[in-house]
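To start, the structure under review is shown below, and the notes come after it.
The values are calculated or read from the model by the stated rules, or taken from the named source; none is laboratory data. Here the structure is a predicted model, which means the values were calculated and not measured. Cβ coordinates were reconstructed from backbone atoms using ideal geometry, including for glycine residues, and neighbour counts include every protein chain displayed. When the accessible area is computed, the model is the full protein with side chains, heavy atoms only, and any ligands, DNA or RNA have been set aside. Shrake-Rupley method; radii C 1.70, N 1.55, O 1.52, S 1.80 Å.
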Amino acid sequence: MTRKDIRNITKSLFESKARRNLELVEIHEDSPYVINAVVEIPKGCTAKYEYNPDLDTFQLDRCLPDSMHYPCSYGFVPSTMGEDDDPLDVLIYDSVPLDRGTIVQCNVIGALDMEDSHGRDWKILGVPVYRGKEFWSLKDIDPMFLKIADMFFKHYKDLEAQKKVTVRGWIDKKQALKIVDECCERFRPIDTLEEFLSKTSDS
């Protein structure tokens, strides 16, 4: 069973195996304007952690050079699937580091247009809803943060052989909302065990 198969099983089917999966947390009721974000990497961290749905835990992927650290807390949007078949990535704009494994409700502000060896790799920019009406668009975000984040993702894989990253800059809220909608639509949960067995036999 592949990681993609596991993500496509509904919560009820997965819980029948007495296991959990944060990638299957439900889409926020106000999506695409508000998203649920699962934190994988706290702000300021130099280690890259990724959620492992098979083990329902976070594991170390790699460590960045000491001079590089994540400019904000980083994670994924559950119940979405990007063009690379992984959950949609999210940058959480806040003044403090957020603990790994925390679910944060965020207002969608914009997105960073990226591409890597696996294809298009959007990074949605979200602001925790507790910040209220302080942030509504990219114009409300510190311009220095936008430059730092852009530069970070251009170079955070520089020391990894054969891993190329292209960063095309920030896109506005309207476009980001469309991306969230598309990634929610691309994630199609399976409703019945019969449907799941049929799909896995076909593949």
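Numerical summary
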| read-out | value |
| --- | --- |
| Yes/no for Ile141 being of a type outside the set (Ser, Thr, Tyr), closer than 18 Å to Asp181 by Cα and surrounded by 17 or more Cβ atoms within 10 Å (Cβ to Cβ) | no |
| Residues within the range 57-84 that are within 16 Å of the chain's Cα centre (by Cα) and either assigned to a loop (DSSP other than H, G, I, E, B) or within 26 Å of Lys173 (Cβ to Cβ) (or both), tallied | 15 |
| Met114 vs. criteria closer than 24 Å to Lys178 by Cβ, in a strand (DSSP E or B), in contact with a strand residue (DSSP E or B) (Cβ under 8 Å, 6 or more places away or on another chain) and at pLDDT below 95 | yes |
| Condition broken by Val167, with the remaining ones in (1) over 26 Å from Ile27 (Cβ atoms); (2) in contact with an Asp or Glu (Cβ under 9 Å, 6 or more places away or on another chain); (3) surrounded by fewer than 17 Cβ atoms within 10 Å (Cβ to Cβ) satisfied | (3) |
| Matching residues, the range 25-44, being touching a Leu at 6+ places or on another chain (Cβ under 9 Å), open to solvent by 20 Å² or more (accessible area, probe 1.4 Å) and either aromatic (Phe, Trp, Tyr) or assigned to a strand (DSSP E or B) (or both) | Tyr33 |
| Answer from Val39, Val90, Val34, Val25 - the residue that is under 19 Å from Val108 (Cα atoms), at pLDDT below 95 and of a type in the set (Val, Ile, Thr) | Val25 |
| Some residue of the range 114-133 being basic (Lys, Arg) and in contact with a Lys or Arg (Cβ under 6 Å, 6 or more places away or on another chain) | no |
| Filtered residues of the range 46-57 (kept if out of contact with any His (no Cβ under 6 Å at 6 or more places or on another chain) and surrounded by fewer than 19 Cβ atoms within 10 Å (Cβ to Cβ)) | Ala47, Lys48, Glu50, Asn52, Pro53, Asp54, Leu55, Asp56, Thr57 |
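Yes/no per residue for (1) under 14 Å from the mean Cα position of the chain (by Cα); (2) within 24 Å of Lys48 (Cβ to Cβ):
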position	(1), (2)
Ile92	yes, yes
Leu98	no, yes
Met114	yes, yes
Gly119	no, yes
Asp142	no, yes
Leu146	no, yes
Trp170	no, yes
Lys173	no, no
Cys183	yes, yes
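Matching residues to (1) free of Cβ contacts under 8 Å to residues at least 40 places away in the same chain; (2) open to solvent by less than 60 Å² (accessible area, probe 1.4 Å); (3) not hydroxyl-bearing (Ser, Thr, Tyr):
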residue: Gln59; (1), (2), (3): yes, no, yes
residue: Leu64; (1), (2), (3): no, yes, yes
residue: Cys72; (1), (2), (3): no, yes, yes
residue: Gly75; (1), (2), (3): yes, yes, yes
residue: Ser95; (1), (2), (3): yes, no, no
residue: Asp99; (1), (2), (3): no, no, yes
residue: Thr102; (1), (2), (3): no, yes, no
residue: Val108; (1), (2), (3): no, yes, yes
residue: Leu112; (1), (2), (3): no, yes, yes
